[in-house]
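J.: Sharing a structure, written as structure tokens. Questions coming.
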Amino acid sequence: MYELLDRINSPKDLKGLNLKELEQLCGELRSYMVECCAVTPGHLGASLGAVELIVGYHYVFDSPDDKIVFDVGHQAYAHKILTGRREAFRSLRTEGGISGFPRRDESPYDAFGAGHSSTSISAALGLAEAARLQGRHEKVVALIGDGALTGGLAFEGLNNAAASKADVLIILNDNGISIERDNGGIHSSLLRLTTSHKYNALKNKVWNMMGTGAARNRVQRWIRSAKSFLVRKSGGDIFEAMGLRYFGPINGNDIAQVVEALQRLKNLDGPRILHCKTVKGKGYAPAEADPVTWHAPGRFNPETGERIPGKRPADRYQDVFGQVLCELAEKDDRVVGITPAMSAGSGMTVFAEKFPSRFFDVGIEEEHAATFAAGLAAGGLRPFCAIYSSFSQRAYDQIIHDAAMQRLPVVFCFDRAGVVGEDGATHQGSFDLAAYRAIPNVTVSAPRDEAELRSLMHAALQHEGGPFIIRYPRGCGEGAVWKDAAVVPIPEGKAETLLEGSPVAVVAIGPSVNRALEAAAKFPGKVSVYNFRFLKPLDEETLAAIARTHTHIITMEDGCLKGGLFGAVSEFVAEHAPGVQVKGLGIPDEFIRHASQAAQRSYCGLDAEGVEKILKDCLRISK
């Protein structure tokens, strides 16, 4: 079906192709990605835009001896297809299939794993220095998208790379979002001049003849000044100022330009950056027209571009959050919204439209988002900062140092808490309960459904004395009525008794409460179910009463078992009621791989069947 692509089983198969054939291969790669992602959804737009960069890399460099490090991994689909995973690509992000991100344990061509942004430069620098210290003459390339370049870690990597003089090439994949558009002929001329072997040989010869005196310094300053003038419009002066050699910009969707540039840059020494202009969604008209939607479009008709919506049995938690935030903002002008480049994903687009002056999208900068929110709170506002749970890990120190230590009333809303499905290990919100439970002055809560999310947001607005964390899962809620209902007040730190029975009690937090109720219904009179809406402060009064009237306590949480609700209850029982047995259901001590959320919950025992099984065991023991 694909004349060239079907013959490519490894990057070595590219070496004999000419430029015309490489161009044809790029087209076939795009068609294949669209065909596969229409059925098994993934991050399509970014990978479509990076096809020529990846084909050019594998044509010029010798992987896996030479190494390419991807940022985030959204751009890596062509890389996966060209490195022996063409047929496996049809299983993308499905249970038992290949990951949507680079993984070292998946292929020797994946030099470094990725899933979160802004890591590529630091990782590539480490690989380059490791090769140097061990006497290996391999080349290392970092491919970073402009969105990821807003992250602070990327600038830390750039700074260190310039200071180290490491042999690393950084490819900036710029789709026009962050850096000004400018692709004139003067930049192509500059690229050819400054990458020329004759130019560099002459430059080094002149340098050696001039020695280290004042004359050399004056000439060097003049060259830097002239070059800076030529690259300033492209945005390259910032890289030159940091000590990196800057080249470009070039058309990153022109395979001939990409190959020429990479061939010229391959054997230059030291840290250098190639600026490539690309189009997100390149080659597929719907994706080019709407790159935001087609970043991860879900299932669609590849012929027409018509998206195939999934069935939603209830409102999504992110949409409930966004609408309730508007509700709060209408009544309290202190309410502001913050997101690190996740306005659509976190449900804040409606808020941004209604309250543009009170909405802040700070880019992929979770650390900055947390401290910025703390500053807003110190200034008298009430910030609601929406961050995906796994990304909140990057802001851990800021939440401790800047918000909790100063008792500032920042509301952190952790979306995508618990298992997240097809994005897999890098995106699981497994650790927030355990991580934030340990911090003084912090309230940690989780709603069982949409209505309780609304109530917790109202409670958080009134909270004083430190950060208030609300964590909730990816996807749809339980179908609870919330839009036209009265807000039910929730006393801080108080659990809710939902079902009474003996001798077993299920102490659950978040939507897991609902699965506990499903399972407990099969054992009438024998099981109690409690909704512990707050992990911190923990309702010790209710917990003491549970310990007095039950022989077994089962904790249930959509988070890691170690240190979360299971840890808190176990610690309390060990001190106050050592005769009571405590068992835990939650995410085990491992990184959960990609599959559907239902499959992941089943694996962790967090579905009704999992609760039923442990209830049977406890009831049998208690007889």
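The values are calculated or read from the model by the stated rules, or taken from the named source; none is laboratory data. Small disclaimer: the values here were computed from a predicted structure and weren't measured. Counting neighbours? That spans all protein chains shown, and the Cβs are built from the backbone with ideal geometry, glycine included.
J.: Looking at segment 32-53, which of its residues are out of contact with any Ser or Thr (no Cβ under 8 Å at 6 or more places or on another chain) and either without any contact (Cβ under 8 Å) to a residue 60 or more places away in the chain or under 20 Å from residue 97 (Cα atoms) (or both)?
T.: 32, 34, 35, 36, 37, 38, 39, 41, 42, 43, 44, 47, listed by residue number.
Conditions (1) touching a helix residue (DSSP H, G or I) at 6+ places or on another chain (Cβ under 7 Å); (2) not hydroxyl-bearing (Ser, Thr, Tyr), marked per residue:
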position	(1), (2)
304	no, no
322	yes, yes
330	no, yes
335	yes, yes
346	yes, no
367	yes, yes
372	no, yes
383	yes, yes
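J.: Right, another one. Tell me which helices (runs of 4 or more DSSP H) are completely within segment 224-294 and hold 1 or more residues being modelled with pLDDT under 95, out of contact with any strand residue (DSSP E or B) (no Cβ under 8 Å at 6 or more places or on another chain) and not charged (D, E, K, R), or say none if there are none. I'd like the intermediate steps shown before the answer.
T.: Details: elements: 237-242, 255-265, 285-289.
Result: 237-242, 285-289.
J.: Which of the residues that make up segment 425-459 are more than 26 Å from residue 487 (Cα to Cα), among the hydroxyl-bearing types (Ser, Thr, Tyr) and either part of a helix (DSSP H, G or I) or at pLDDT below 95 (or both)?
T.: Answer for segment 425-459, where residues must be more than 26 Å from residue 487 (Cα to Cα), among the hydroxyl-bearing types (Ser, Thr, Tyr) and either part of a helix (DSSP H, G or I) or at pLDDT below 95 (or both): 426, 436.
J.: Same structure again: Take residue 252 and tell me if it is crowded, with 21+ Cβ neighbours inside 10 Å, in the same structural domain as residue 343 (by TED's automatic domain parsing), in contact with a helix residue (DSSP H, G or I) (Cβ under 9 Å, 6 or more places away or on another chain) and of a type outside the set (Lys, Arg).
T.: On the way: crowded, with 21+ Cβ neighbours inside 10 Å: yes; in the same structural domain as residue 343 (by TED's automatic domain parsing): no; in contact with a helix residue (DSSP H, G or I) (Cβ under 9 Å, 6 or more places away or on another chain): yes; of a type outside the set (Lys, Arg): yes.
Here the answer is no, as residue 252 does not meet what is asked.
J.: Could you tell me whether residue 46 is crowded, with 22+ Cβ neighbours inside 10 Å and either among the small types (Gly, Ala, Ser) or out of contact with any strand residue (DSSP E or B) (no Cβ under 7 Å at 6 or more places or on another chain) (or both)? Let's see the steps before the verdict.
T.: Details: crowded, with 22+ Cβ neighbours inside 10 Å: yes; either among the small types (Gly, Ala, Ser) or out of contact with any strand residue (DSSP E or B) (no Cβ under 7 Å at 6 or more places or on another chain) (or both): yes.
Yes.
J.: Just for segment 293-314: of the residues that are without any contact (Cβ under 8 Å) to a residue 60 or more places away in the chain and within 21 Å of residue 92 (Cβ to Cβ), which one is farthest from the chain's Cα centre (by Cα)?
T.: If we filter segment 293-314 for residues that are without any contact (Cβ under 8 Å) to a residue 60 or more places away in the chain, which is where we start, we get 293, 303-311.
Still in the running and within 21 Å of residue 92 (Cβ to Cβ): 293, 303, 305-310.
Working: 293: 17, 303: 30, 305: 26, 306: 27, 307: 24, 308: 24, 309: 23, 310: 23 Å.
That would be 303.
J.: Run residue 424 past the list (1) in the same structural domain as residue 564 (by TED's automatic domain parsing); (2) more than 22 Å from residue 530 (Cα to Cα) and report the number of the one that doesn't hold.
T.: (1)
J.: Any idea how many residues of segment 258-282 are touching a Ser or Thr at 6+ places or on another chain (Cβ under 8 Å) and of a type outside the set (A, V, I, L, M, F, W, C)?
T.: To start, the set of residues in segment 258-282 that are touching a Ser or Thr at 6+ places or on another chain (Cβ under 8 Å) comprises 261, 264-265, 268, 271, 275.
Then drop every residue that is not of a type outside the set (A, V, I, L, M, F, W, C), which leaves 264, 271, 275.
Final tally of qualifying residues: 3.
Residues are listed down the side, and each one gets a yes or a no for (1) in contact (Cβ under 8 Å) with a residue 12 or more places away in the chain; (2) out of contact with any strand residue (DSSP E or B) (no Cβ under 7 Å at 6 or more places or on another chain); (3) more than 28 Å from residue 586 (Cα to Cα):
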{"position": "357", "(1), (2), (3)": "no, yes, yes"}
{"position": "368", "(1), (2), (3)": "yes, yes, yes"}
{"position": "373", "(1), (2), (3)": "yes, no, yes"}
{"position": "389", "(1), (2), (3)": "yes, no, no"}
{"position": "392", "(1), (2), (3)": "yes, no, no"}
{"position": "396", "(1), (2), (3)": "yes, yes, no"}
{"position": "411", "(1), (2), (3)": "yes, no, no"}
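J.: Identify all residues within segment 300-318 that are farther than 19 Å from residue 488 by Cα and either of a type in the set (A, V, I, L, M) or assigned to a helix (DSSP H, G or I) (or both); write none if there are none. Before the answer, list the steps.
T.: Residues of segment 300-318 farther than 19 Å from residue 488 by Cα: 300-314, 316, 318.
Those that are farther than 19 Å from residue 488 by Cα and either of a type in the set (A, V, I, L, M) or assigned to a helix (DSSP H, G or I) (or both): 308, 314, 318.
J.: In segment 549-566, which residue that is under 27 Å from the mean Cα position of the chain (by Cα) and aliphatic (A, V, I, L, M) is farthest from residue 531 (Cα to Cα)?
T.: Checking each candidate, the answer is 561.
J.: Can you tell me how many residues in segment 415-474 are crowded, with 24+ Cβ neighbours inside 10 Å, of a type outside the set (A, V, I, L, M) and under 14 Å from residue 388 (Cα atoms)?
T.: 10
J.: Here is a further query. Show me the helices (runs of 4 or more DSSP H) found entirely inside segment 337-424 where at least 2 residues are more than 29 Å from residue 298 (Cα to Cα). I'd like the intermediate steps shown before the answer.
T.: Details: elements: 349-354, 366-378, 389-392.
Those helices (runs of 4 or more DSSP H) span 366-378.
J.: I want to confirm something. Restricting to segment 63-105 and keeping residues that are without any contact (Cβ under 8 Å) to a residue 60 or more places away in the chain and among the acidic types (Asp, Glu), which single residue is surrounded by the most Cβ atoms within 10 Å (Cβ to Cβ)?
T.: Restricting to residues being without any contact (Cβ under 8 Å) to a residue 60 or more places away in the chain and among the acidic types (Asp, Glu), the top hit is 87.
J.: Could we say that residue 602 is assigned by TED's automatic domain parsing to the domain that holds residue 510, of a type in the set (Ser, Thr, Tyr), farther than 22 Å from residue 533 by Cα and in contact (Cβ under 8 Å) with a residue 24 or more places away in the chain here? Please lay out each step first, then the result.
T.: Numbers: assigned by TED's automatic domain parsing to the domain that holds residue 510: yes; of a type in the set (Ser, Thr, Tyr): yes; farther than 22 Å from residue 533 by Cα: yes; in contact (Cβ under 8 Å) with a residue 24 or more places away in the chain: no.
Against the criterion (assigned by TED's automatic domain parsing to the domain that holds residue 510, of a type in the set (Ser, Thr, Tyr), farther than 22 Å from residue 533 by Cα and in contact (Cβ under 8 Å) with a residue 24 or more places away in the chain), residue 602 does not qualify.
J.: Okay, moving on. If you check residue 107 against the conditions, is it at pLDDT 95 or above and closer than 20 Å to residue 595 by Cβ? Lay out the reasoning, then the answer.
T.: Details: at pLDDT 95 or above: yes; closer than 20 Å to residue 595 by Cβ: yes.
Spelling it out, residue 107 is indeed at pLDDT 95 or above and closer than 20 Å to residue 595 by Cβ.
J.: Select from segment 325-336 the residues that are of a type in the set (Lys, Arg) and part of a helix (DSSP H, G or I) and list them in ascending order.
T.: Keep residues of segment 325-336 that are of a type in the set (Lys, Arg), which gives 331, 334.
Result: 331, single match.
J.: Give the number of residues within segment 241-281 that are touching a Cys at 6+ places or on another chain (Cβ under 9 Å) and not polar (S, T, N, Q).
T.: Step one: list which residues in segment 241-281 are touching a Cys at 6+ places or on another chain (Cβ under 9 Å), which gives 248-253, 255, 257-258, 261.
Still in the running and not polar (S, T, N, Q): 248-250, 252, 255, 258, 261.
Total satisfying the criteria: 7.
J.: Can you pull out every residue in segment 14-25 that is surrounded by 15 or more Cβ atoms within 10 Å (Cβ to Cβ) and of a type outside the set (A, V, I, L, M, F, W, C)?
T.: Of the residues in segment 14-25, the ones surrounded by 15 or more Cβ atoms within 10 Å (Cβ to Cβ) are 14, 17, 22-25.
Scanning segment 14-25 gives 23, 24.
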